[in-house]
Amino acid sequence: MTEERCLLSVHAHPDDESSKGASTIAKYHAAGVHTVLVTCTGGEEGDILNPAMESAEVRANLGAVRRAELEAAVQVIGYDELVWLGYRDSGMPDSPANANPDSFAQADFDEAVGRLVAVIRRVRPQVILTYGDESRGYHHPDHVRVHEISVVAFDAAADPARYPEAGEPYQPEKLYYSGWARASFLRRHEKFLELGLDSPYAERIAGWLDNREEQEPTTFIDLTGFEAVRRHALLAHATQIDPQSPHWFGLPEEVEADLHREDIFTLAKATVPVVLPEDDLFAGVRSLAAR
């Protein structure tokens, strides 16, 4: 890999970049790929999920605290650049925060796309990572909006008639959705039971419907040597991640590393020929000389 390659991730809130694809980003960064993170909101509506961080001061300044946490996580993961898209956290579905005029949910759609287009045209990524339209079963308004603007911006960035003020047109080559697999939860659930531990996934698994659709993964990234990155990045988000959480840290580290051997993604759009399945997000990407 060479320095000409660029990977752009688009996320909704601080901590999303750590729970989704952190080890993949670390791997590509270590290989010389320029890595850029776009975070669309400041996470102002998040709950404080770590009892050790619960205080009136933290709650009153949650947006600033979460920004600092994200900056720490960025260093752990290895992002070269952090871009704030500039919107307020919209809160959970149907909450009063959804109506806040500064929220991502209330943002003018074309303006939001334009902000992302400006980033794409400036950093010129060949590969963009974002969320699928089902948002991994998590229908937070900000996650839904991340999907919507990313899909449109992927094409709009190349159109000289759209957002002419946002810079020179540029066409990214591949758009991926962050992967999610029911099988991975089942493996983790079974490992808890195998070790004689209470599984934090039992209730969730019991509530699944047999006909729930999943995105078919197309791309499998080997995380050998980078398995622990997600853990350390998550711990940087002290307000959001309880270090005693069985969901994230209920298994011994060596067991967790064995279970988290790969990240999966779904290729959503490509302007270059592809052969599936893939083991490289940059498979098929053209060199600068070929463009």
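The values are calculated or read from the model by the stated rules, or taken from the named source; none is laboratory data. It should be emphasised that the depicted structure is a prediction, and the values quoted were computed from it without experimental measurement. Methodologically, a virtual Cβ is constructed for each residue, glycine included, from the backbone with ideal geometry; neighbour enumeration extends over all protein chains shown.
Is segment 79-100 home to any residue that is under 18 Å from the mean Cα position of the chain (by Cα) and within 23 Å of residue 227 (Cβ to Cβ)? So far as segment 79-100 goes, yes, one or more of its residues are under 18 Å from the mean Cα position of the chain (by Cα) and within 23 Å of residue 227 (Cβ to Cβ).
Considering only residues in segment 94-105 that are within 22 Å of residue 14 (Cβ to Cβ) and not in a helix (DSSP H, G or I), the one that is modelled with the lowest pLDDT turns out to be 95.
Can you confirm whether segment 138-161 contains a residue that is among the acidic types (Asp, Glu) and in a loop (DSSP other than H, G, I, E, B)? Yes, there is a match, as at least one residue in segment 138-161 is among the acidic types (Asp, Glu) and in a loop (DSSP other than H, G, I, E, B).
On the basis of being assigned to a helix (DSSP H, G or I), of a type outside the set (Lys, Arg), within 22 Å of residue 178 (Cβ to Cβ) and out of contact with any strand residue (DSSP E or B) (no Cβ under 7 Å at 6 or more places or on another chain), does residue 283 make the cut? The answer is no for residue 283.
Among the residues of this structure, residue 56 counts as one that is surrounded by fewer than 22 Cβ atoms within 10 Å (Cβ to Cβ) and of a type in the set (A, V, I, L, M, F, W, C).
Condition check ((1) aliphatic (A, V, I, L, M); (2) within 30 Å of residue 249 (Cα to Cα); (3) assigned to a loop (DSSP other than H, G, I, E, B); (4) modelled with pLDDT of 95 or more) across all residues:
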{"residue": "92", "(1), (2), (3), (4)": "yes, yes, yes, no"}
{"residue": "107", "(1), (2), (3), (4)": "yes, no, yes, yes"}
{"residue": "115", "(1), (2), (3), (4)": "no, no, no, yes"}
{"residue": "122", "(1), (2), (3), (4)": "no, no, no, yes"}
{"residue": "189", "(1), (2), (3), (4)": "no, yes, no, no"}
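Taken as a whole, segment 88-99 holds no residue that is within 18 Å of residue 128 (Cβ to Cβ) and either in contact (Cβ under 8 Å) with a residue 12 or more places away in the chain or not assigned by TED's automatic domain parsing to the domain that holds residue 239 (or both).
With respect to the stated conditions, residue 264 is at pLDDT 95 or above, β-branched (Val, Ile, Thr) and touching a strand residue (DSSP E or B) at 6+ places or on another chain (Cβ under 8 Å). Of the residues 74, 83, the single one that is surrounded by 21 or more Cβ atoms within 10 Å (Cβ to Cβ), aliphatic (A, V, I, L, M) and at pLDDT 95 or above is 74.
Quick one: which of 184, 199, 150 is of a type outside the set (D, E, K, R) and touching a Lys or Arg at 6+ places or on another chain (Cβ under 9 Å)? 199 is the lone residue from the list that is of a type outside the set (D, E, K, R) and touching a Lys or Arg at 6+ places or on another chain (Cβ under 9 Å). Checked against the criterion of being assigned to a helix (DSSP H, G or I), more than 21 Å from residue 221 (Cβ to Cβ), hydrophobic (A, V, I, L, M, F, W, C) and within 25 Å of the chain's Cα centre (by Cα), segment 164-174 has at least one qualifying residue. Considering 142, 102, 110, the condition of being crowded, with 18+ Cβ neighbours inside 10 Å and among the acidic types (Asp, Glu) is satisfied by 142 alone. Residues 46, 132: which one is at pLDDT below 95 and either in a helix (DSSP H, G or I) or touching a Phe, Trp or Tyr at 6+ places or on another chain (Cβ under 6 Å) (or both)? The match here is 132.
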